[in-house]
Amino acid sequence: MATEVETWSTAAPADEATRPYSDDEDALNDPEVNGNWTPQEKALHEARLKAKAKRRLRKSSSRNSTSDSISESGDVAGGDPHSPKGKVNTNDRKSRTGKGRGLPKKGGAGGKGVWGAAGMVYEDEEPDARDPNYDEAAQGDTVYATVVPEVDEKELEKMVNPIVQEYFEHGDTKEVEMLLKGLNLGPHRYEFSSLAVSLSLEGKASHRELTSRLLSDLSGKLLSQSDMARAFDKMLKELPDLILDTPEAPQMLGQFIARAIADHVLPMSFLDCYKGKVDCDHARVALDRAAVLLTMKREMVRLDNVWGVGGGLRPVKHLIKEMNLLLKEYLISGDVSEAERCLRDLEVPHFHHELVYEAVVMVLESKGDTASHMMIKLLQSFWKTGLITVDQMNRGFQRVYDELPEISLDVPHAHSIMETFVDLCYQESVITKQLRDACPSRGRKRFVSEGDGGMIKN
């Protein structure tokens, strides 16, 4: 009996090795144990057994996928025979999921620290400034480019107006060109021409002459013919608004267009593009004015005198002639306001001393006191309005003082007339006391017959 028990005991492990269930499952199937459990405990025990079986199944499948496969003969396939069973080869590039054809991933070009696939040729890469190993000194000389932001359309007028107004004072087109190069006008550069012309329409004839010269000098350098044509096209459309401030704007714009075509700033076909396509009456007047001027001046290369010659650009002889004509017309008409307007139109405030000089000389050469009183009235009006400054008045009289000996050759009584005229000017507050005292006087010799008690008295 003891032998039978011993035989059963030794046979039990072999039998257990072939059983697919655990001891817990045997206990669950045991009728004695099951008879003592309640239904709730039995259900809970069954759930635990199922969960344990699932964990064991997942663990077995994972170990089979990550370990070396074992052939039917028991040999380890593709691994070290001396390595422990189930150890993962970390240097293996083959897929560990059990899928695929067993080839290396990405053809051997994947993974960190690899050289890439066989036959791959790498190109030179640009150094990245964000690379921790980036060496700025090793990249050679660094060139820094100045980036000028593009001028906004709203700020364009604020930036261009001071440049044009200053140009009207100095008249240097090269300085304007240099200032415009410093601005990034971008696609709005054509608006510079329209702004310059608009400002000159509100100014003087000399300003319009300077604007025409500026457009001629900038053409081909900063502004193309298409830019100029676009600017004048914009002004033709804005004529209804321009005539509110400048009623003569259509005629003036027509003169600008004619001068621009003559200077090759605008293409010769500019006027032809508007034939039969203009609905605005003001634009039609401007285009007709330009066409008439070009027809009259067909033989001239440039319409240089379309604005006249104003300011300091005129020859000195021409200015002297204009001032003489102004004074002669005043002596005939006696209109002080007209004389003042003509003097302002000459636009030569630095040359007003010539008017004073010519007025005094006319008084010395005239007969009677009429010219003297009229010239005092004229100079007094110019003095009060500030049209003639103290410096210009003093220079005009001083020039007469210096040339009085030469004038006396033609006018023998020039000294006495000059003294009388200077005293009257001082009484009317036209000149200062210092200028009156500076007037030269010619002394004469006195003889015995005049009762001075001597032969000659110096």
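What the table shows:
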item: Yes/no for Leu387 being assigned to a loop (DSSP other than H, G, I, E, B), surrounded by fewer than 19 Cβ atoms within 10 Å (Cβ to Cβ) and assigned by the TED database to the domain that holds Ile431; result: yes
item: Cross-chain or 6+ apart pairs with Cβ under 6 Å, the stretch 257-280 first and under 22 Å from Ser200 (Cα atoms), then assigned to a loop (DSSP other than H, G, I, E, B); result: Ala258/Leu303; Arg259/Leu303; Arg259/Val306; Ala260/Leu266; Ala262/Arg302; Ala262/Leu303
item: Contacts under 9 angstrom Cβ, first residue in the stretch 402-414 being assigned by the TED database to the domain that holds Val363, partner open to solvent by 100 Å² or more (accessible area, probe 1.4 Å) and in a helix (DSSP H, G or I), 6 or more apart; result: Ile407/Glu365; Asp410/Glu365; Val411/Glu365; Ala414/Glu365
item: Filter result for the condition that a residue is small (Gly, Ala, Ser), touching a Ser or Thr at 6+ places or on another chain (Cβ under 9 Å) and either closer than 24 Å to Leu179 by Cα or not in a helix (DSSP H, G or I) (or both), over Ser269, Ser212, Ser226; result: Ser212
item: Scan of the stretch 124-162 for residues that are under 15 Å from Gly182 (Cβ atoms), part of a loop (DSSP other than H, G, I, E, B) and touching a residue at least 12 places away in the same chain (Cβ under 8 Å), ordered by number; result: Val148, Pro149, Val151
item: Failed condition for His350, given (1) open to solvent by 40 Å² or more (accessible area, probe 1.4 Å); (2) of a type outside the set (D, E, K, R); (3) not in a helix (DSSP H, G or I); result: (3)
item: Tally, over the stretch 362-379, of residues that are in a helix (DSSP H, G or I) and either crowded, with 20+ Cβ neighbours inside 10 Å or of a type in the set (Ser, Thr, Tyr) (or both); result: 7
item: Flag for Val197 being in the same structural domain as Asp263 (by the TED database), over 17 Å from the mean Cα position of the chain (by Cα) and of a type in the set (A, V, I, L, M, F, W, C); result: yes
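Table: residues versus (1) in contact (Cβ under 8 Å) with a residue 12 or more places away in the chain; (2) over 21 Å from Glu406 (Cα atoms); (3) in the same structural domain as His415 (by the TED database).
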{"site": "Ser333", "(1), (2), (3)": "no, yes, yes"}
{"site": "Ser337", "(1), (2), (3)": "no, yes, yes"}
{"site": "Leu343", "(1), (2), (3)": "yes, yes, yes"}
{"site": "Glu354", "(1), (2), (3)": "yes, no, yes"}
{"site": "Met362", "(1), (2), (3)": "yes, no, yes"}
{"site": "Asp369", "(1), (2), (3)": "no, yes, yes"}
{"site": "Ser372", "(1), (2), (3)": "yes, no, yes"}
{"site": "Met375", "(1), (2), (3)": "yes, yes, yes"}
{"site": "Gln380", "(1), (2), (3)": "yes, yes, yes"}
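The values are calculated or read from the model by the stated rules, or taken from the named source; none is laboratory data. These numbers were taken from a predicted model, which means no experiment stands behind them. Here Cβ is always computed from backbone atoms with ideal geometry, including for glycine, and neighbour counts include all displayed protein chains. Side chains are part of the model used for accessible areas, which takes the heavy atoms of the whole protein and leaves out ligands, DNA and RNA. Shrake-Rupley method; radii C 1.70, N 1.55, O 1.52, S 1.80 Å.
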